[in-house]
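Peer 1: Sharing a structure, written as structure tokens. Questions coming.
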Amino acid sequence: MEQEFMDRVGPVIDATIRSLAIKKFIGDPIAGDRHSRNTSIISSAYKRHGRILETALRESLRDSNRHRVWQEGAFKVSRAADQLVNSQSDDECRRTTLPYGDSTIRTIQIDMIAFDDADQTLRAYEVKRGNGKFDAGKIRSIRRDLLCAQVLLKSYGEVFKIAPVAAQSKIIFYYGIRSIPKPWSLVKEELDEHFGYPVTPKIEQANDYFRAKLHELLEAA
């Protein structure tokens, strides 16, 4: 099972390393070419690591016998949802359901949607590294998308014939620095209990592979 997991995740990591290896950089007169190259690679690796975490989580949960998981690249946000989340409290948004697909004004990418057969709940997840704080503008944008997903998610499930009894929108700050508070957010130490399945060992297996490949690339200069 572990090898099957890495068969799915490994190619994503390998492609990331290849893209980092050909990345253009501007040499700094103080740092010199070697350190300038490595600084550029590391900076890009931080940004691309989020996709690896997202892929590793989604693929690890595929091995659970109680979850159905997928990515939604164009979740439709209606005008009503956009207006509502700016006028209601977070708790009110949690209790509100709006029809999905009406008067779409924009779309958002949802990193993972999971339907849990055990509790019949549909959940949407955004995955962030959570190793640093976002600025106030970015936090407002994250919160807005999180709440829009919340008020539309149950209806989204019904449109696609899932019929969940409940829906929850969550954001994962993997390394523990929450830009959005509980109960909307999760961190690494909470994931296994939340999913009722040990996802973190597999995510860390992917992280170990990415780390080893990244260090090889840095030392190759």
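Derivation of every value follows stated rules applied to the coordinates shown; laboratory data play no part. Just so we're clear, the structure is a prediction, and the values are computed from it rather than from any experiment. Neighbour counts run over all protein chains shown; Cβ positions are idealised from the backbone, glycine included.
Peer 1: Using all Cα-Cα distances in the range 25-110, what percent lands in each 10 angstrom bin from 0 up to the longest?
Peer 2: Histogram of Cα-Cα distances, whole percents per bin: 14, 23, 24, 21, 13, 5.
Peer 1: Suppose we take every Cα in the range 67-196 and form the convex hull; what volume per residue is that in Å³?
Peer 2: 100 Å³
Peer 1: As a check on your grasp of the helix formula, calculate [θ] at 222 nm for the chain: sum -39500 (n - 2.57) over DSSP H runs of n ≥ 4, divide by the residue count, round to the nearest 500.
Peer 2: So the helix-based figure for the chain works out to -17000 deg cm²/dmol.
Peer 1: While we're looking at this one, here's another question. Can you give me the C-alpha center-to-center distance between the range 152-219 and the range 89-139, rounded to a whole angstrom?
Peer 2: The distance from the Cα centre of the range 152-219 to that of the range 89-139 comes to 12 Å.
Peer 1: Follow-up question, since we're still on this one. Rounded to the nearest 5, what % of the DSSP beta bridges within the range 67-196 are antiparallel ones? Show your work: numbers first, answer last.
Peer 2: On the way: 14 of 24 bridges.
Of the beta bridges lying entirely in the range 67-196, close to 60 percent run antiparallel.
Peer 1: First obtain the Kirkwood hydrodynamic radius of the chain from its Cα pairs, then insert it into the Stokes-Einstein equation at 20 °C and 1.002 mPa s, and state the resulting D in µm² per second as a whole number. Display every interim value, and only then the final one.
Peer 2: Numbers: Rh = 18.9 Å.
Rounded to a whole number, D works out at 114 µm²/s.
Peer 1: Using the Cα centre of the range 38-175 as the reference point, and only Cβ charges (+1 on K/R, -1 on D/E), how large is the resulting charge dipole? Debye, rounded to the nearest 20.
Peer 2: 400 debye
Peer 1: Continuing with this model, one more query. Over all pairs of distinct alpha carbons, what does the Kirkwood formula give as the hydrodynamic radius of the range 1-75, in Å? Let's see the in-between values first.
Peer 2: Numbers: mean 1/r = 0.0687 Å⁻¹.
Its Kirkwood hydrodynamic radius stands at 14.6 Å.
Peer 1: Add +1 for every Lys or Arg and -1 for every Asp or Glu among the other residues with Cβ under 10 Å from the Cβ of Leu146, and state the total.
Peer 2: Local charge sum for Leu146: 0.
Peer 1: Around Val12, with a cut-off of 15 angstrom between Cβ atoms, what is the net charge of the other residues, counting Lys and Arg +1 and Asp and Glu -1?
Peer 2: +3
Peer 1: Another one. Please compute the Kirkwood hydrodynamic radius of the range 127-170 from all pairs of different C-alpha atoms, in Å with one decimal.
Peer 2: 12.0 Å
Peer 1: Also, I was wondering about something else. Starting with the highest mean, order 149-158, 56-65 by the number of other Cβ atoms within 10 Å, averaged over the residues of each peptide.
Peer 2: 149-158, 56-65
Peer 1: Okay, next question. To the nearest 0.05, what FRET efficiency results for Gln120 and Leu218 with a Förster distance of 45 Å applied to their C-beta separation? Don't jump to the answer; show the numbers that get you there.
Peer 2: Working: r = 47 Å, r/R0 = 1.04.
Result of the calculation: an efficiency of 0.45.
Peer 1: What percent antiparallel are the DSSP beta bridges of the chain, to the nearest 5?
Peer 2: Antiparallel bridges: around 60 percent, rounded to the nearest 5.
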